[in-house]
Amino acid sequence: MRRLLLYLSLASLLAVMAILTAAAPPPAGMDLPSYTADGKLKRPAGFRNWVFAGASLGLSYAEVSNQAPPGRMHNVYLQPEAYQHYLKTGTFPEKTMFALVLYEPRQKESISKHGYFSGKLSAVEIAVKDSERFEEGWAYFDFGAETKEAAEPFPKDRCFACHHQNGQVDNVFVQ
């Protein structure tokens, strides 16, 4: 009898652990990533209407930047449903997408005398959490200046490795 209770306790514990560590399904109504027949990510529509998560100017992970100061402007957006899920749980659900929208900085145009503002769009990059499709769980894509309708993932050593090593929560720089 004790062995049976011990077995049932272990089985229950393992079942609870599996539930807690499994990736949460996407929330109802969330836009899901869409792929072409050959596996490329289709550029999501309406990403500029997602939740604005943050901005930076001149951010780079390279030791030496090849950009003239102040560097490009970065705006980060994520789906409203993924954001709400993160606020409630501290994790991002499956099928979460982030959009990194990069602009060339502009200044001293029109009546502007100081500071910088967004100029020409230089790139749209999308991060996708899709454990069914990507062994590592996340993949990263570059659509250029919105000219590409679909994109292949970056090689794993380009974005994934750094995000995996340095992203505070689930490959994401929330710190």
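Calculate the all-directions average of the projected area of segment 72-175's alpha-carbon convex hull, and give it in nm². Working shown, then result.
Values: hull surface 32.9 nm².
If I average the Cα hull's projected area over directions, I get 8.2 nm².
If you sort the three axes of the alpha carbon gyration tensor as a ≥ b ≥ c, you get a/c of 1.5 or more for segment 19-71 and a/b above b/c, which makes it prolate. Computed with a 1.4 Å probe over protein heavy atoms only, the accessible surface of segment 13-116 comes to 63 Å² per residue. Here the accessible area is traced with a 1.4 Å probe on the protein chains. For the chain, carbon and sulfur cover 56 percent of it.
Using Cα pairs closer than 8 Å and at least 6 residues apart in sequence, work out the relative contact order for the chain, in percent.
Values: 284 pairs, mean separation 30.4, N = 175.
The value is 17 percent.
Residue-normalised convex hull volume from the C-alpha trace of segment 47-109: 112 Å³ per residue. Could you list log10 I(q)/I(0) for the chain at q = 0.08, 0.16 Å⁻¹, which the Debye formula gives when each Cα is one point scatterer? Per q value, in the given order, log10 I(q)/I(0) is -0.33, -1.02.
The values are calculated or read from the model by the stated rules, or taken from the named source; none is laboratory data. The model shown is predicted, which means the values in this text are computed figures rather than measured ones. With ligands, DNA and RNA removed, areas are computed over all heavy atoms of the protein, side chains included. Shrake-Rupley method; radii C 1.70, N 1.55, O 1.52, S 1.80 Å.
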